[in-house]
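Heads up, the thing below is written out as structure tokens.
The values are calculated or read from the model by the stated rules, or taken from the named source; none is laboratory data. Bear in mind the structure is a predicted one, so any value in this text is a computation, not a measurement. Reconstructed Cβ throughout: ideal geometry from the backbone, glycine too, with neighbour counts over all protein chains shown.
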Amino acid sequence: MTGLRHRIATVEDIPAIAALMDRAIAALQGDFLTPEQVAASRLSMGLDTQLIADGTYFLVEEDGVPAGCGGWSFRATLYGGNHSAELRNDRELDPATEPARIRAMYTDPAFVRRGIGRMILGLCEDAARAAGFRRLEMMATLAGEPLYLAAGYLPIERVMKMSSEGPAVPGVRMGKDII
């Protein structure tokens, strides 16, 4: 992880984050999904600017080049971007009784297998714990599931279709205690 630095993403980072997400969706899901499913996955994946507004979204860079991004949320939305209104729920979660969310994790294809995903997960876990949360949950893509399993997240349920539109794109809801 030499040369990698992280910071909280800002509104000015949105174009670079959106481009990184686009590259990751296009390149990293092909071993797990058909081309039609990769295209359909964009219906339930992508940029959620609420995370940036809440100050809970991280950007990892190497020499100023975006390498990965991801965040956590104290809101009820489990997954989805700005465009997926049917998936959104901005209600604030109760840290004593509800899990925080891991959200919108992406690594640029040029930077895979360098520990960026684990770095972001660690940052998210620490921040959620500091905010009083005792558990985290996420909706993982099939491409992300191996990383999350290796980081101690366990499957809760398998979902065969993450969006009401388009072809079925599977995912897996996963969770981890962080106390």
- May I ask you to list the residues in the stretch 127-150 that are charged (D, E, K, R), under 14 Å from the mean Cα position of the chain (by Cα) and closer than 17 Å to residue 77 by Cα? 137
- Message: Tell me whether the stretch 5-18 contains one or more residues that are touching a helix residue (DSSP H, G or I) at 6+ places or on another chain (Cβ under 8 Å) and either small (Gly, Ala, Ser) or within 19 Å of residue 77 (Cα to Cα) (or both).
- Response: yes
- Query: Would you say residue 179 is of a type in the set (Val, Ile, Thr), without any contact (Cβ under 8 Å) to a residue 60 or more places away in the chain and in contact with a Cys (Cβ under 7 Å, 6 or more places away or on another chain)?
  - Reply: no
- Counted residues in the stretch 1-30 being part of a loop (DSSP other than H, G, I, E, B) and without any contact (Cβ under 8 Å) to a residue 40 or more places away in the chain come to 2
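Rundown of residues vs (1) farther than 24 Å from residue 9 by Cα; (2) among the charged types (D, E, K, R); (3) part of a loop (DSSP other than H, G, I, E, B); (4) in contact (Cβ under 8 Å) with a residue 60 or more places away in the chain, yes/no style:
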residue: 120; (1), (2), (3), (4): no, no, no, yes
residue: 123; (1), (2), (3), (4): no, no, no, yes
residue: 128; (1), (2), (3), (4): no, no, no, no
residue: 133; (1), (2), (3), (4): no, no, yes, no
residue: 137; (1), (2), (3), (4): no, yes, no, no
residue: 143; (1), (2), (3), (4): no, no, yes, yes
residue: 148; (1), (2), (3), (4): no, no, no, no
residue: 155; (1), (2), (3), (4): yes, no, no, no
residue: 174; (1), (2), (3), (4): yes, no, no, no
- Kindly indicate the residue of the stretch 79-95 that is crowded, with 20+ Cβ neighbours inside 10 Å and either within 21 Å of residue 109 (Cβ to Cβ) or in contact with a helix residue (DSSP H, G or I) (Cβ under 9 Å, 6 or more places away or on another chain) (or both) and also modelled with the highest pLDDT among those meeting that condition. 79
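Counting only residues that are in a loop (DSSP other than H, G, I, E, B) and over 28 Å from residue 5 (Cα atoms), which one in the stretch 31-61 is farthest from the chain's Cα centre (by Cα)?
Here the residue is 34.
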- Do we find that residue 54 is surrounded by fewer than 20 Cβ atoms within 10 Å (Cβ to Cβ), under 22 Å from residue 117 (Cα atoms) and acidic (Asp, Glu) in this structure? yes
